[in-house]
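Right, one structure below, let's go through it.
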Amino acid sequence: QVQLVESGGGLVQPGGSLRLSCAASGSGFRIGAMGWYRQAPGKQRELVATITSGGSTTYADSVKGRFTISRDNAKNTVYLQMNSLKPEDTAVYYCNADIGTVVDKWTVRAYWGQGTQVTVSS
């Protein structure tokens with residue numbers, strides 16, 4: 001089986017930076033696209049950024065120019081560098097990955113991390 005483990009969340013002041021990491025662990029899997037989503041209290045989960053296996057990226061308009069998504073395929077890890085953080089960035093951030101496994105005969109399924117809290121406050 002496959003697990004996605006996130007790290008890097010925490011409390012930061014407006015204008016500060018955080019770097020989130022999400023690593024996939026297990027065996028017999030292949031990772032396609034990966035991404036980050038976030039959900040604030042009382043709001044719908046929304047897309048933050050995505051990155052394909054080839055490195056093509058997309059961003060929500062609200063984070064363009066401030067956030068950068070990247071990946072290290074050798075480490076099965078996706079990162080989200082968050083700069084110039086604003087209070088409205090406060091949310092639980094979730095890692096997502098499209099993964100096929102040998103036990104599923106490489107059927108691609110969406111996997112999610114447990115979520116990590118990011119709080120931007122003075």
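The values are calculated or read from the model by the stated rules, or taken from the named source; none is laboratory data. Note that the coordinates shown come from a computational prediction; the quantities given were computed from them, not determined experimentally. Backbone-built Cβ (ideal geometry, glycine too); neighbour counts: all protein chains shown. The area values use the complete protein model at the heavy-atom level, side chains included, leaving out ligands, DNA and RNA. Shrake-Rupley method; radii C 1.70, N 1.55, O 1.52, S 1.80 Å.
If the segment from SER122 to VAL5 were pulled out straight at 0.36 nm per residue, it would be longer than the present Cα-Cα gap by 39.3 nm. Computed 3J(HN,Hα) for the stretch 42-51, one whole-Hz value per residue from the Karplus formula 6.51 cos²θ - 1.76 cosθ + 1.60 where θ = phi - 60°, is x, 10, 6, 5, 10, 5, 9, 6, 9, 8, glycine and proline marked x. Relative protection proxy for 97-103, 17-23, 76-82, from highest mean packing down: 76-82, 17-23, 97-103 (other beta-carbon atoms within 10 angstrom).
What's the carbon and sulfur percent of the stretch 59-122's accessible surface, probe 1.4 angstrom, rounded to a whole number?
Numbers: 1600 of 3330 Å².
Whole-percent figure for carbon plus sulfur exposure: 48.
With 0.36 nm allotted per residue and the present C-alpha distance subtracted, the ASP61-TRP106 stretch has 12.9 nm of extension available. Taking every alpha-carbon pair under 8 Å whose residues sit at least 6 apart, the chain reaches a relative contact order of 35 percent.
Dipole magnitude for the chain: about 80 debye, using +1 per Lys or Arg Cβ and -1 per Asp or Glu Cβ, origin at the Cα centre.
Expressed in nm to one decimal, what extension gain is obtained for the pair GLN81 and ARG45 from 0.36 nm per residue of sequence separation less their Cα-Cα distance?
Working: separation 36, 0.36 × 36 = 12.96 nm, distance 1.93 nm.
Taking GLN81 through ARG45 to full extension adds about 11.0 nm, to one decimal.
Straight distance only, please: which lysines reach the Cα of LYS64 with their own Cα at less than 18 Å, same-chain residues fewer than 8 apart left out? Within the straight-line limit of under 18 Å, LYS64 reaches these lysines: LYS86. When you count the other C-beta atoms within 10 angstrom of each residue and take the mean per peptide, 32-41, 107-116 line up highest first as 32-41, 107-116.
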